[in-house]
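See structure below.
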Amino acid sequence: MVKIFVGGLPPEVSEIDLVTFISNYAEVVTIKMVRDKVSQKSKGYAFLEMKNQNEAEKAVSSLNEMIWKGNTLTVKISEGVAVKPQVKRFKPGNPVKTKRPRI
């Protein structure tokens, strides 16, 4: 699967609106619309996964710089994001390391 970035979205657009619009150009597998944590309002961009590279390139070439609902869209294939290192978690059965008491 290939991830694409879609920016310049109007704040009132929902996930369903975006998938319906994009699916006219390419098949959408997953969507992640980025929202403000407190107000839950759209930040104006989203990440979508396409089935394959051809679908993603078709969507980018068709939709980049297109005007939709009064906004100019920016659509591009997303670069790989660095993976955050995993935090070690306590697992039952493993000994717990404790600090030595201060003297």
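Computed from the coordinates by the stated procedures, all read-outs in this text should not be read as laboratory data. On a predicted model such as this, the values are computed, not experimentally measured, just so you know. Backbone-built Cβ (ideal geometry, glycine too); neighbour counts: all protein chains shown.
Loop-located trypsin sites (Lys or Arg not before Pro) across the range 1-66 with a Cβ neighbour count of 10 or fewer within 10 Å are 37, 41, with loop assigned by DSSP.
Could you give the length gained on full extension between residue 78 and residue 47, defined as 0.36 nm per residue of separation minus the Cα-Cα distance, in nm?
Values: separation 31, 0.36 × 31 = 11.16 nm, distance 0.80 nm.
Result: 10.4 nm gained on full extension.
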